[in-house]
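Everything on this sheet refers to the single structure shown next.
The values are calculated or read from the model by the stated rules, or taken from the named source; none is laboratory data. Quantities reported herein were computed from a predicted structural model and do not represent experimental measurements. We place every Cβ from the backbone using ideal geometry, glycine too, and count neighbours over all the protein chains shown.
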Amino acid sequence: MNAELAKLLDLQSKDEALKALDERLGEVARDEQALDAQLSDAVRALDTAERSVQDASRRRDELAGKVTDYRRAQAQREQRLDLVQKPKELAAVNAEIDLARGVLIKEEGELARVDGELAGASERRTGAERTLAELRAGQATARGELAERRRTIDDERAAAAAERERSASQLDRPLRTRYDRLRKLRGTNIVVPMRNAACGACHTTIPTSRRAQLRGGLLLEGCEGCGVILYSGEAAG
Ligand SMILES: [Zn+2]
């Protein structure tokens, strides 16, 4: 086999090994993202529950303040009952007390309703906290395994990258530049065998004159259709 072709094919196989490792890293990242998505759903649910609690709590405090004020005002009216003498004034204060009692009862009812809302929201928050904690605990093993997988692949990748560099350094500079440029463009299938008198990548027919060149070794001009570096499959076998 042509020496340059052997080096090119070696480099290509190293790049394919790197690509396979990158795909495995991609799978790990996708698995981690799936766990993150589960977690962020639970975090969002907890946020929503937390906001409901705060909202109900704020309304409850406002109402409780109002009810306290109303009760104090009512107590003052009741004290005034002891002070007024004239029947007309007495009747007026009694009417005020009756009116205020109605308002107070209504506000107390509202306060009881918001208390109930707050209790319900607190319960939902507790539930959401529990769900999140259970999810975190449940994911711990899976995340540990993923981290371990990532470490292993990272190590393999570092070794594969070093091997790739060693292989690339064997090539003449212009060929290496050309290969790297093609790799950037195509990602894969950079050095391709001729098949049935056509390019193995894009199936463009190779002119007879160039076929002879191919049999002699590399066709460094590359495929007219897609630019890959062609070689004769027979010569490589
Ligand atoms: Zn081609």
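Scanning segment 204-226 for residues that are farther than 17 Å from Ala3 by Cα, among the polar types (S, T, N, Q) and away from the ligand (no atom under 12 Å from the Cβ) yields Thr208, Ser209.
Pull up segment 5-31, narrow it to residues that are buried (at least 17 other Cβ atoms within 10 Å of the Cβ) and in contact with a Leu (Cβ under 6 Å, 6 or more places away or on another chain), then point me to the one that is nearest to Gly120 (Cα to Cα). Among residues in segment 5-31 that are buried (at least 17 other Cβ atoms within 10 Å of the Cβ) and in contact with a Leu (Cβ under 6 Å, 6 or more places away or on another chain), the one nearest to Gly120 (Cα to Cα) is Val28. Filtering Leu111, Leu135 for residues that are in a helix (DSSP H, G or I) and within 20 Å of the chain's Cα centre (by Cα) leaves a single hit, Leu135.
Pairs linking a residue in segment 194-216 that is closer than 10 Å to Leu230 by Cβ and among the β-branched types (Val, Ile, Thr) to a residue that is more than 9 Å from the ligand (Cβ to nearest atom) and assigned to a loop (DSSP other than H, G, I, E, B), with Cβ atoms under 6 Å and 6 or more positions apart or on different chains, are Ile206/Ala197. Select from segment 186-203 the residues that are in a loop (DSSP other than H, G, I, E, B), crowded, with 18+ Cβ neighbours inside 10 Å and either more than 8 Å from the ligand (Cβ to nearest atom) or of a type in the set (S, T, N, Q) (or both) and list them in ascending order. Within segment 186-203, just Ile190 meets the criteria.
Here's the yes/no breakdown for (1) hydroxyl-bearing (Ser, Thr, Tyr); (2) out of contact with any Leu (no Cβ under 8 Å at 6 or more places or on another chain); (3) part of a helix (DSSP H, G or I); (4) exposed (fewer than 12 other Cβ atoms within 10 Å of the Cβ):
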{"residue": "Glu117", "(1), (2), (3), (4)": "no, yes, yes, no"}
{"residue": "Glu123", "(1), (2), (3), (4)": "no, yes, yes, no"}
{"residue": "Gly127", "(1), (2), (3), (4)": "no, yes, yes, no"}
{"residue": "Ala140", "(1), (2), (3), (4)": "no, yes, yes, yes"}
{"residue": "Ala161", "(1), (2), (3), (4)": "no, no, yes, no"}
{"residue": "Lys184", "(1), (2), (3), (4)": "no, yes, yes, yes"}
{"residue": "Cys223", "(1), (2), (3), (4)": "no, no, no, no"}
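Here's the yes/no breakdown for (1) in contact (Cβ under 8 Å) with a residue 24 or more places away in the chain; (2) closer than 30 Å to Asp10 by Cα:
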{"position": "Gln85", "(1), (2)": "no, no"}
{"position": "Ala95", "(1), (2)": "no, no"}
{"position": "Ile105", "(1), (2)": "no, no"}
{"position": "Arg124", "(1), (2)": "yes, no"}
{"position": "Glu129", "(1), (2)": "yes, no"}
{"position": "Arg136", "(1), (2)": "yes, no"}
{"position": "Arg143", "(1), (2)": "yes, no"}
{"position": "Ala161", "(1), (2)": "yes, yes"}
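Checked against (1) more than 14 Å from the ligand (Cβ to nearest atom); (2) under 19 Å from Leu18 (Cα atoms); (3) surrounded by fewer than 14 Cβ atoms within 10 Å (Cβ to Cβ), Gly144 passes all but condition (2). Of Asp154, Asp180, all but one fail to be part of a helix (DSSP H, G or I), more than 14 Å from the ligand (Cβ to nearest atom) and under 30 Å from Ala37 (Cβ atoms); the exception is Asp154. Residues of segment 227-237 that are near the ligand (Cβ under 8 Å from one of its atoms) and either at pLDDT below 85 or over 13 Å from Leu9 (Cβ atoms) (or both): Gly227 alone.
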